[in-house]
Amino acid sequence: MKRYSLLFLALLAFTTSVQADPVGTWEITMDGPAGKQVNRLTIREEGDKHFATMATPQGEADVGELQVDGDHIEFVIAPVKDYPMMRFSYTADVVGDTLTGSVTTPRGTLPFTGTRK
C-alpha cells in the first residue's frame with residue numbers, strides 16, 4: 001500500500017508541475033459593446049520567452065513579450081498612434097486547447113474564450 005501511495009504522490013507532483021503550452025494560433029471570441037468580435041492571437045516561443053501578435057478586424061498588432069506563469073498568461077496591447085488611450089490588458093488561463101480570460105479596456109473588463117487552431 002505504501003508503494004502505491006508513493007507512486008500516486010509522484011504522479012501528482014509531475015502533473016501539477018507540467019506547464020501548459022500556450023504556443024500556437026488561437027481564435028479569441030468576446031462579446032463587446034459592438035457585438036461579437038473574433039480575433040486571432042498567434043503565440044510563438046523564442047528561447048525561454050513568449051511573444052505574440054493579435055489580428056483583429058481593425059488590423060494586426062504586435063503584442064511583444066507575454067508573461068507566462070504555469071498555465072497563466074498575461075500581455076498588453078499598447079496604444080497605437082491613432083488611438084493613444086486604447087490600452088488592452090489581457091489575462092488568461094490555458095487548459096489544453098482552450099483559453100479562458102478577460103481583457104481590460106478603457107471602457108471596462110470583458111470576458112473572452114479562445115480555441116487553439
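Being within 11 Å of the chain's Cα centre (by Cα) and either at pLDDT 80 or above or at positive phi (or both) is true for just one of T100, T105, T56. Which residue is that?
T100
Can you name the residue in the stretch 60-92 that is touching a residue at least 40 places away in the same chain (Cβ under 8 Å) and part of a strand (DSSP E or B) and, of all such residues, is farthest from D31 (Cα to Cα)?
V68
What are the pairs with Cβ atoms under 9 angstrom where one residue, in the stretch 41-59, is over 18 Å from E74 (Cβ atoms) and the other, located anywhere, is among the polar types (S, T, N, Q) and in a strand (DSSP E or B)? Sequence gap at least six, or different chains.
Correct list of pairs: A55/N39; A55/T42; T56/Q37; T56/N39; P57/Q37; P57/N39.
The values are calculated or read from the model by the stated rules, or taken from the named source; none is laboratory data. Given the structure is predicted, the values throughout are model-derived calculations rather than measurements. For neighbour counting, all protein chains shown are included, and Cβ atoms are generated from backbone atoms with ideal geometry for every residue, glycine included.
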